1. 5 Å is the cut-off here: which amide hydrogens, built 1.01 Å from N in the peptide plane, fall below it relative to B:Val105, excluding neighbours closer than 5 in sequence?
2. Could you give log10 I(q)/I(0) at q = 0.06 Å⁻¹ for the protein assembly as shown, computed by the Debye formula over C-alpha point scatterers of equal weight, without solvent?
3. What residues qualify as long-range amide H neighbours of B:Arg13, i.e. H under 5 Å apart, gap of 5 or more or another chain, H built at 1.01 Å from N?
4. In sequence order, what are the phi-derived ³J(HN,Hα) couplings for the range B:44-50 according to the Karplus relation 6.51 cos²θ - 1.76 cosθ + 1.60 with θ = phi - 60°, rounded to whole Hz, with x for glycine and proline?
5. Under the definition of partner shielding as Cβ atoms of other protein chains within 10 Å of a residue Cβ, what is the mean value for peptide B:14-22?
6. Every other copy gets compared here: list the nm distances from the B:Phe27 label point (7 Å along Cα to Cβ) to its counterparts, shortest first, one decimal.
7. According to the Kirkwood expression over distinct Cα-Cα pairs, how big is the hydrodynamic radius of chain A, in Å?
8. Counting only chymotrypsin sites (Phe, Trp or Tyr not before Pro) that sit in a DSSP loop (anything but H, G, I, E, B) with at most 15 other Cβ atoms within 10 Å, what is the longest stretch of chain A containing none of them?
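We did not get these values from a lab; they are worked out from the coordinates using the rules stated. Given the structure is predicted, the values throughout are model-derived calculations rather than measurements. Please note: Cβ atoms are built from the backbone with ideal geometry, for glycine as well, and neighbour counts cover all protein chains shown.
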There are 2 protein chains.
Amino acid sequence: MEFNNLPKNAIIREVCPRDGFQSVKEFIPTEKKIEFINAMLATGVKEMEITSFVSPKAIPQLADAKDVLPAVKAANPGVEFTALVPNLKGAEGALAAGADVLNIVFSCSESHNMANIRRTVEQSLAGMDDIIALARGKAKICVSMATSFMCPFEGRMDPERVKMLIGKVREKGVDIITLAETIGTCTPKDFTETLRVVKPALEGIPAYLHIHNTYGFAAMNVKCALDEGFNKFDSAIGGLGGCPFAPGAAGNAATEDLVYLMQSMGVETGLDPLKLVAVARSLKDYGLKTMGSLCASAFGKPKPEIPQQK
Amino acid sequence: MEFNNLPKNAIIREVCPRDGFQSVKEFIPTEKKIEFINAMLATGVKEMEITSFVSPKAIPQLADAKDVLPAVKAANPGVEFTALVPNLKGAEGALAAGADVLNIVFSCSESHNMANIRRTVEQSLAGMDDIIALARGKAKICVSMATSFMCPFEGRMDPERVKMLIGKVREKGVDIITLAETIGTCTPKDFTETLRVVKPALEGIPAYLHIHNTYGFAAMNVKCALDEGFNKFDSAIGGLGGCPFAPGAAGNAATEDLVYLMQSMGVETGLDPLKLVAVARSLKDYGLKTMGSLCASAFGKPKPEIPQQK
């Protein structure tokens, strides 16, 4: 494995407050949530997907979106806040609350899109036009393409289909694209292959990768992405997160693990793994199931003393 | 990341019955242990570190070494069985029980060797001469060099020191060398650097890598090793294992994860990840804490049905 020719910097978009907290069974009280998020931002995070403006019936854990975003934003100038919006109503709420980026999600796979959003891919693509029109001039638009690598129902996603869909999304004049390895089962070889196929279609637009860790490949897939010149990643402190339609799927790549890995290869993120681990451990203390390796290890704790010869 | 120029085949030496079972608090009854081991061998395992001939006071979990080895060996012809031997008495026991390979362990780091074996490295090197003399002509000798990459007390191990120690071990005329990433914290870049430095010293002798997964780098470090032409690995079904002197350290690389990864890159191991996961899950049913990613995921279970539109 080679470690030269890597990007000098990488951007981490912290998604724990959205992807992580929505996968927690119990509602985290708003005050506690804001406290966690402020602690996350104190690690140096400059981009965050903070919540989802979705029906509280669908995701009660994020029912306080309209309170959390303005409170955190006021306390953290200079951070770019992304909000997931499933529809026009959500977009209105996100804009009213001050979101800097609206994130629209659809799945590359028809079956997963139907399972997740109850629409065909064509319906999803058409449906985002109103949101984009509403947001124009008010916020950036990010489109997240779920199952860009693997689908829980169909298996490996054809990279040519992903490339074609990127083209369709770009025709709409969006600002950011995210390719999501939604279920965390893509092998590094397949992951690399898809990136090589789709890269030309992403020329000139910020492209984020959102990687889950079900089969333990998240760190290696990040290395694969860096090798291909990608340097923007979603990740979640503590490795929180999940996918409702992927039984046994694990959480996101853990921010602390990615930052430590990148630091070891000279890729600067501006984040401090020690601080990240401390925040991740504090989530654990609140009963949240963390899945990051560093968080579970003795990382950052005092080195053991050498046992003395008896 | 590149996936060409990888070895066509790799050897897995299954270490769960030794490194895994010794790290389990409760004694696994001998009959159950033999049943587990036979199930592991039925996945296609051809090399196994089956037990340790150590004082039952030190490691009561393996007190039945002299019963387990002959029973399993009789039932599984053609498999090469390695037994860890801490001293001459252990070597005598292992030879009497029919071990094909005696495994002698010392640590590259003085502090870890003292903590683990209560000897200086020089004393350990001198102490293995009697064992080697005893075993000559009766069994192969493997020397495992713990903390070849990272030491829990001293941090990064100097690759030049590891290379020097390989030279000292080879002067004794041993048959196999194992380099162990004992505490599972070595970054892929450092791991690769050490392999590049020591590789010339390993010319002409089978060299195994024993990799723990504390920081989640085990799979990536295996890829690094394959890239450098190494193709012999220790691993433990279910990712069991540990190190008594590395608080927070995780288990071994999980055999099922490594085999799946290698299969995805065209590296043949002769093992079937589906069968391995089934065995790993059976360990879990017995209350053993498995740490492999595939074992924890829905791997091998039926694909979810596509939820129907309401």
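1. Counting only residues 5 or more places away or on other chains, the set is B:Val85, B:Ser144.
2. -0.34
3. Counting only residues 5 or more places away or on other chains, the set is B:Phe233, B:Asp234, B:Ser235.
4. x, 4, 10, 9, 8, 8, 8
5. That average works out to 0.
6. 5.3
7. 19.5 Å
8. Counting only loop sites that pass the neighbour cut-off, the longest clear stretch is A:28-285.
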